[in-house]
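To start, the structure under review is shown below, and the notes come after it.
The values are calculated or read from the model by the stated rules, or taken from the named source; none is laboratory data. Bear in mind the structure is a predicted one, so any value in this text is a computation, not a measurement. Positions of Cβ are backbone-derived with ideal geometry, glycine not excepted, and every protein chain shown enters the neighbour counts.
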């Protein structure tokens, strides 16, 4: 049976899952999911936040997991992501053209 340890601190509580990763809880007492930021300032940076932040929760729990990337690392990362997106779009349009030529309707 998996043992779980529940402790609290001034910021939030944590539960050990037995695998080294602790489940985080926001100030609401709900599990705080691990998310990834895709903003230009913090692309790919992971964080914990209140599960109800999109619902306008007043909880405001937020904690970065990863350290802030250097400006250069952020620039390289964003260039890479943009190139991948452009390649995907290009491939999609090529597939769409081939499909239309063969009489398929791809939307």
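Among the residues of the stretch 1-48, which ones are loosely packed, with under 13 Cβ neighbours inside 10 Å, at pLDDT below 90 and part of a strand (DSSP E or B)?
Result: 6, 7, 8.
I need the full set of residues from the stretch 49-107 which are outside any loop (DSSP other than H, G, I, E, B) and touching a strand residue (DSSP E or B) at 6+ places or on another chain (Cβ under 9 Å), in order please. Steps first, answer last, please.
From the stretch 49-107, those outside any loop (DSSP other than H, G, I, E, B) are 49, 53-55, 62-64, 71-101; that's our starting set.
Answer for the stretch 49-107, where residues must be outside any loop (DSSP other than H, G, I, E, B) and touching a strand residue (DSSP E or B) at 6+ places or on another chain (Cβ under 9 Å): 49, 53, 62, 63, 64.
Yes or no: residue 49 under 23 Å from residue 22 (Cα atoms) and in contact with a helix residue (DSSP H, G or I) (Cβ under 7 Å, 6 or more places away or on another chain)? Steps first, answer last, please.
Values: under 23 Å from residue 22 (Cα atoms): yes; in contact with a helix residue (DSSP H, G or I) (Cβ under 7 Å, 6 or more places away or on another chain): no.
Spelling it out, it is not the case that residue 49 is under 23 Å from residue 22 (Cα atoms) and in contact with a helix residue (DSSP H, G or I) (Cβ under 7 Å, 6 or more places away or on another chain).
Show the residue pairs meeting these rules: Cβ distance below 7 Å; 6+ apart or different chains; first residue within the stretch 78-107 and more than 27 Å from residue 44 (Cα to Cα); second residue part of a helix (DSSP H, G or I).
106/95; 106/96; 106/99
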